[in-house]
Amino acid sequence: MPHFGRPHYYPANLAAALRERWPAAVELPTQAELRHFISVAYQASLLYEEGQPVRCRLLLATTAQRPSMDVETSPYVLNLAEPRPYEEQEIRRLSPALHAPGSLLAVRPDEANGLVIWGVLRRQQPPRVEEAPWPVAGAPVPQVLLLDVRGPGSLVFYFGSERVLTLQHGHIEGHGFVDYPVAWSRGRFVENVEMLRQYLGAAVEAATPGLHPLAGRLSHYIVRRMVSRVRASGHGGLLVLVPTATLDQHIGPQATLRPKYPVSPPVTMPPYLRLLLAIVARLTELGDISWQRYEQADDTRLLELAGAIDQYADLLADLMTVDGALVITKQLAVAGFGVEVYAPQLTLPRVYRALDADATQLRAEAPDQGGTRHRAAYRLCAAEPESMAIVVSQDGGVRFVHAQDGKVVFWEQLTL
């Protein structure tokens with residue numbers, strides 16, 4: 001039987017697929033309303049407002065579900081005096097007001113007019129929170145249908161904070177990669193643990209079980225913020241991470257990674273390590289070395305350090321948008337930017353798409369299906385198996401790439 005590839009999904013298909021995956025105990029609108037909701041959102045995703053692709057978050061709830069959201073008493077709720085028709089041009093015009101995390105355009109069924117836009121919600125955000133689709137303080141995310149319009153043809157459907165369905169390039173993609181793909185990062189950030197052991201000593205390490213999780217979450221936060229910033233810019237970029245100990249083997253005029261703008265190594269310690277040690281010191285004074293305590297950020301010194309972390313991540317994001325790759329060590333120190341990946345002698349017949357977070361299920365694909373950055377990331381990970389790469393496309397897609405058991409494996413991901 002001939003192979004015709006994966007099917008494309010359109011509003012009717014998506015509505016059916018969404019209903020199949022939806023929690024049975026929670027009501028969805030009618031199938032006709034659901035198709036209309038998806039169709040308009042998809043068409044809106046193809047539009048531009050002031051030269052930028054439309055990106056926004058939509059909430060769809062039946063009249064019976066609205067009281068359960070507990071939004072009537074919130075100061076961040078704007079109820080429109082006259083509901084507006086749910087149309088792609090209305091979404092386009094309102095999208096600039098929906099850029100902040102937690103901002104929602106509220107839609108509901110109306111017996112006389114079909115679907116209507118009834119308000120703009122902004123869910124309260126803590127002073128320090130890891131970037132997430134629906135940041136919230138002190139209250140659960142409403143257990144209704146939430147739709148994140150990520151860019152042209154890219155839609156992510158949520159049941160509250162749980163991702164249910166992702167549409168990308170006309171196909172339904174895998175789910176569950178809310179954080180990092182597990183196999184991509186497993187065992188590859190041990191340098192941060194070794195740094196802590198070197199500077200703090202084994203006794204401190206043993207007495208503070210929250211130390212390693214804090215370091216891991218913080219490094220992941222920096223990379224997530226970088227990727228989010230690059231995606232928001234609509235520019236795209238390529239991030240490469242290499243082991244610090246073998247950096248000289250990976251980068252240089254005759255190496256696989258050839259930087260147009262090489263960066264000298266830090267004279268003392270990398271900026272990330274300096275900030276991490278300062279955060280650990282302050283948390284020690286507060287008596288709680290944990291990510292949860294850092295995330296609360298109700299302490300002046302912690303807020304200053306959190307701001308410094310954000311500034312460093314934003315600097316890395318800006319460097320990542322320069323033509324070429326940004327190369328950093330696994331200690332998050334900059335080695336160079338504007339980097340060319342040079343491996344012309346390498347023949348790569350196929351790459352493998354991971355279908356789950358652990359990459360236990362793989363599907364072979366041709367390496368030339370992506371753009372220039374994707375092909376560069378594949379060649380790099382094939383030539384330098386200890387390296388890792390993240391590719392951000394101009395359309396907002398994200399791919400994590402690494403070598404695994406002699407294969408170049410990638411994960412496709414929209415939400416970080």
- Task: Find which of SER228, GLN254, ALA183 sits farthest along the positive direction of the dipole of the stretch 182-413, computed with +1 on the beta-carbon of Lys and Arg, -1 on that of Asp and Glu, about the Cα centre.
- Result: GLN254
- Message: Taking amide H atoms as placed 1.01 Å from N in the peptide plane, list the residues 5 or more away in sequence, or in a different chain, whose amide H sits under 5 Å from that of LEU165.
- Response: PHE157
- Label-to-label distance, nm, for residues given as GLU386 and ASP298 (7 Å Cα→Cβ offset): 4.5 nm
- Query: Where the only charges are on Cβ atoms (+1 Lys, Arg; -1 Asp, Glu), what is the dipole of the stretch 182-413 about its Cα centre, to the nearest 20 debye?
  - Reply: 420 debye
- Note on the structure: Expected unfolding gain across VAL267-GLU82 under the 0.36 nm per residue rule, minus the alpha-carbon gap, is 60.4 nm
- Note on the structure: For the stretch 182-413, the Cα convex hull volume per residue in Å³ comes to 128 Å³
- Message: Sort LYS407, LYS330, LYS260 by Cβ crowding within 10 Å, fewest neighbours at the top.
- Response: LYS260, LYS407, LYS330
- Message: If I take every Cα pair under 8 Å that is 6 or more residues apart in the stretch 182-413, average their sequence separation and divide by the length, what percent do I get for the relative contact order?
- Response: 27 percent
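Each value in this text was obtained by applying a stated rule to the coordinates, not by laboratory testing. Here the structure is a predicted model, which means the values were calculated and not measured. Heads up, the Cβs are rebuilt from the backbone with ideal geometry, glycines too, and the neighbour counts pull from every protein chain shown.
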